[in-house]
Each structure stands twice: as C-alpha cells, then as structure tokens.
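Chemist: Structure provided below as structure tokens; questions to follow.
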Amino acid sequence: MLTRSKLSLGLLVFCAGLPVAARAQKMEKDEKKWLDDVRAIILPDEEKTYRDLKSKADRQEFQRVFWARRDPDLETPENEYQEEYQTAVRGADARYRSLGQIGSTTDCGRVFILLGEPDDVKKDHAAEAVGGRFPEVWTYRDRPGRTFQGGQAEISFDAECRALAARLSEQLNRLAETKIAHPNIGYRYTKDGHLVKLVDQLPKPSPAQALLKSPRQDFPVATQAAYLKVQDGGTALLGLIQGQAEGLTTEEVGGKKTVKVVVAAQAAGEDGKVAAFTEEKRNAELLPDGSFIASYRMGLKPGKYTLQAGALDEKTGKGALASITVDVPNLNRGELSMASLLILRDVQDVPENTPEDPHDPFAAFTLGRARLVPRFGNTFVRSDALSFFYQVYDLKVDEGTGKASGVAILTLLKGGKTPVAKAPEQPLVMTIAGSVVGPVPLEKYEPGSYVVQLKVKDTLANKEEVQEIPFELKP
C-alpha cells in the first residue's frame, strides 16, 4: 500500500511581497484615474499590488510593467493591445454611461471591452427603461480563438447595465487574465522593497542569450517540463535540465562536488515569437553518474510552444541546449483542473523567515515552506524510493456548507493495467488541494513497465480528471 505524507502546499507565487517596513504612499489623483482607466482588465492581485506600492515612482513603473505584460509584440515600438483597449474604452464610455457611472466601468462596458460587440442583442421592451435603456440579453457565439461551453454565451443586463448573472465578475477576471501575453513579466521587488524595473526584466545580451540564439551542444543535455497554477490564475512552467558535467568547472561545497551553471530557457509561440525567457545561476550537485540537475521556471499563457532550455559554464564557455515541444494547459478554467503529477526524490523543508536561495538547483520548485526535489526522466531502479506530488484546482463549492466535495485516488499499475499498490483515498474539501504521497520503496516490485495514475473526482460538479505517468523499473 502506498503511504501518504501530509504537506501544506500553496499556489506557486512568482513575486515576493513588500518588506514589513514598507508603507504604501497615498495615491495621487492621476494615479487613481489610471486605476479607473484600466478597471476592465486589471486583476484583483494587480490592483492590490498597485495600491500597496510605497512611492509614485513605483506606481509609474507598475504601469509600464502592466502594459508590457499585455503587449503582443515587445519588439515593436507601439503596444498594439493598449491601443485596442483604449479604443474599446472610448466606445464603452460612449454607449453605456448609466446614472452618472462611466460607461467603461459598468458591467455592460466591461463585457464589451473584453468580448467585443455581441453577436446578438435582444431588448426587453416590456420592462421599464432607465435613461432610455431597456434590459438586454447579449449573445456571444464561438469564434476562432474564443469558445464557450455549448457554443455560445448569453449575458443578461438590467436597464442600468448591471449584469444579472451570478459570479460573472469571476468569469470576467479569468477572461481578463487571458489578455496577459507575457505572464513571465511580473511585479517583483528589489531587496530594498522597490518594484523591479521593466527594463531589468527584459532579455539582455549575454552568453546565455547567445546560446539560445545559436544553439549548440558541447555536452549531453536534456529537459522536461511540468505545470502548476500561479497565484494570479496563470500557468507556470517548471522545467528541469539534466546535463553531463564532464569538462565543466566543479568545486567542493559542504563536502559535495557541485557545478556552477547558468540555466537559460525560452519559449517561442507558434508564430515564432519569444513569449517568455528566463536566466538563472544555479549551484547543482554532481550526481554519482557524473550528471547534474537544475531547475527553471517561467509564466506562460496556455498554448503550444517550442521550449529551448540549457546550461552554460561561464568559466569554460561550454554550453548545451535542448529543444522540446510543450502544450501549456489552462489551469484557470473555473472548473476542476490539475497540476502536473510529479515524481519526487525528496521534499525539503524551507525554514520560516529564511530567504529563498536563488542558486539552489531546485529553487523553481519552491512552494511556500517546501521545496520539491523532482526526479528527472522515467527510468528507476529497485533501490529507489519514489514520492508523488499532486495539486488540484477549482473544485465546486457547496453554497450551503462552503466546502468542496471530492476525492483523489493514486494507484500504481503494473503494465499500465494491473493495480499493485494504492494510496488511501484522499477527501478533498477545499477548492484548492494538494499532497505528497510516499515515499514508496520499489525493492519489492518486479522489473518492468509501470504507470502512476492519479484520478480526481469532483462530486458536486460531477467531473473527473485523470493523469498518468509511465515509468520503467530496472533490476
């Protein structure tokens, strides 16, 4: 039987909070107006960050970062989406002004800005009009790049342009999140508590950038990717690099041999444009087989990408790059979804009030006060012991109890069919839940092919999701 170790793991957070000593400066009139101007697309976490900033300079930098995150092409001088948004705001202001409320801040206005002109509008002329407006029902149908459950969506508004649908605000927030083209650009902070400037978040000429532009393989290297949901609702790609350290610079640290490498990765969309980039220094332990493993992470919109990832030894100049195709899932659908099921070697505690070590080889897999140490690849030996990590999102909540009702079932299948071990069923009562199962010693299992299967059921929503990871067990 699989054993289960309980662990509290929150959503992955990309940006650190403000230092305790920081105090938000009262917003000036023009700063409040800017907030009103972007009301239709600013996310709740973004607004909170903006309000908490402690200086006018930080709020001005926030605005630059805000629009860069939504710029479809950072290489052009103009921001095409910003221009499109401002045109839509002017249209909403002209059409939907209601009882002194600015048109773009009404529910009608926000839906118009996010979804555009409805495909059909039905007016209820039998109802009482307000300011010449009657209650309306807007219909939106599927279009390329925009789909609805059942092929269309209907939204009802009263005569004052207020939406009558329950939880519409949550749905519109998810829609606003899709306008972020570069989630890897974020609201990060310097050591003194100021916002990191946009210019410092964009790729700069460097040996790692040169490697990405002119790929080579001075030593064997491979990469793999997994996906988790981040705090603002986006998707984080968590990647691993495995390379052979022969010929690389090594040193003794704490009695262990390590390699110091720059881990670099970028993801290019189907249009060939780079959507995300990361470059981090890592100190990776040298493993008995002469290899090393290090991590990276980046925020990405759902979709298909060509992922290039590799490592560079700055002292010798040796570098290597691997390329794979990835399909980033949408983990912010408002219904049951799952992070990637991970096979772990260990789970390390991160002591309270201890600064995160950015050079730790598995820094990208730090969640709250725990650091996951994942396995690379899917071939193991009988002397190994495996643990498994899962996280599920957006289980339906019972309005009466305020709790979800679901279950997670983890099973080990021989040959992908025959159950040989099963963890106790884990009840899920929170809308977001996760756990680590294991460690599971493999010594009692016969060599061969296996599958780790995670089945999650959302009882209230009557939905089920299944993930499977095949692996090979060697003698």
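Chemist: Under the classification rounded if a/c is under 1.5, otherwise prolate if a/b is larger than b/c and oblate if not, where does the stretch 354-475 fall, given a ≥ b ≥ c as square roots of the Cα gyration tensor eigenvalues?
Modeler: Since a/c reaches 1.5 but b/c is at least a/b, the shape of the stretch 354-475 is classed as oblate.
Chemist: Over its Cα atoms, what ratio of radius of gyration to 2.2 N^0.38 Å does the chain give?
Modeler: 1.08
Chemist: Please order Met430, Met338 by the number of other Cβ within 10 Å, starting at the fewest.
Modeler: Working: Met430 13, Met338 21.
Taking fewest neighbouring Cβ atoms as first place, the list is Met430, Met338.
Chemist: Can you compute the helix-only [θ] at 222 nm over the chain? Use -39500 (n - 2.57) per DSSP H run of at least 4 residues, normalise by all residues, nearest 500 deg cm²/dmol.
Modeler: Calculated at 222 nm, the ellipticity per residue is -4500 deg cm²/dmol.
Chemist: Using 16 Å as the cut-off for backbone N distance, which residues of the stretch 374-413 belong to the label zone defined by a point 7 Å from the Cα of Glu468 along Cα→Cβ?
Modeler: Those under the cut-off are 409-413.
Chemist: What residues of the stretch 260-292 lie in the reach of a label at Thr250, counting those whose backbone N is under 16 Å from a point 7 Å from the Cα along Cα→Cβ?
Modeler: Flagged as within label range: 260-261, 283-292.
Chemist: Okay, moving on. So the label point goes 7 Å from the Cα of Ser323 along Cα→C-beta, right? Which residues of the stretch 233-269 then have their backbone N under 17 Å from it?
Modeler: 264-269
Chemist: Could you tell me which of rounded, prolate or oblate describes the stretch 71-177, using a ≥ b ≥ c as the square roots of the eigenvalues of the alpha-carbon gyration tensor, with rounded for a/c under 1.5 and, failing that, prolate when a/b is larger than b/c and oblate otherwise?
Modeler: The shape class here is oblate.
Chemist: Please give every one of the lysines within straight-line cross-link reach of Lys197, meaning a C-alpha to C-alpha distance under 24 Å, and leave out same-chain neighbours fewer than 8 residues apart.
Modeler: Lys26, Lys29, Lys32, Lys33, Lys48, Lys54, Lys56, Lys179, Lys273, Lys281, Lys301
Chemist: If Lys and Arg each add +1 and Asp and Glu each add -1, what is the summed charge of the other residues whose beta carbon sits under 9 Å from the beta carbon of Glu464?
Modeler: Spelling it out: positives minus negatives among the neighbours equals +1.
Chemist: Sticking with this structure for a sec: Which value results for Rg/Rh of the stretch 159-255 when Rg is the Cα radius of gyration and Rh the Kirkwood radius based on the inverse mean 1/r?
Modeler: Radius of gyration over Kirkwood radius for the stretch 159-255 works out to 1.14.
Chemist: Still on this model: Stretched out fully, how many nm does the piece from Lys123 to Ala461 gain, at 0.36 nm a residue minus the Cα gap?
Modeler: On the way: separation 338, 0.36 × 338 = 121.68 nm, distance 3.27 nm.
Between Lys123 and Ala461, full extension yields an extra 118.4 nm.
Chemist: Label-point separation (nm) for Val381 and Thr316, each offset 7 Å from Cα along Cα-to-Cβ?
Modeler: 2.4
Chemist: Give the residue from Gln308, Trp34, Tyr390 lying farthest towards the positive end of the charge dipole for the chain; charges sit on Cβ (+1 for Lys and Arg, -1 for Asp and Glu) and the dipole is referred to the Cα centre.
Modeler: Among Gln308, Trp34, Tyr390, the one farthest towards the positive end of the dipole of the chain is Tyr390.
Chemist: Could you pull out every one of the lysines with an alpha carbon less than 25 Å from that of Lys417, ignoring same-chain neighbours closer than 8 positions?
Modeler: Lys444, Lys455, Lys457, Lys463, Lys474
Chemist: Label-point separation (nm) for Glu80 and Gln231, each offset 7 Å from Cα along Cα-to-Cβ?
Modeler: For Glu80 paired with Gln231, the spin-label model returns 3.2 nm.
Chemist: Per 0.36 nm of contour for each residue apart, how much would the distance between Gln209 and Lys273 grow if the chain were fully extended, relative to their Cα-Cα spacing?
Modeler: Residue separation times 0.36 nm, minus the Cα-Cα distance, leaves 21.6 nm.
Chemist: Follow-up. Sorted by average packing, counted as other Cβ atoms within 10 angstrom per residue and highest first, what order do 459-472, 251-264 take?
Modeler: 251-264, 459-472
Chemist: Nothing charged except the Cβ atoms of Lys and Arg (+1) and of Asp and Glu (-1): what's the magnitude of the dipole of the chain about its Cα centre? Round to the nearest 20 debye.
Modeler: Roughly 580 debye for the chain.
Every read-out reported here was derived from the displayed coordinates using simple, explicitly stated rules and does not represent laboratory data. Nothing here was measured: the structure is a model prediction, and the numbers come from that model. FYI the Cβ positions are ideal-geometry reconstructions off the backbone, even for glycines, and counts take in every protein chain you see.
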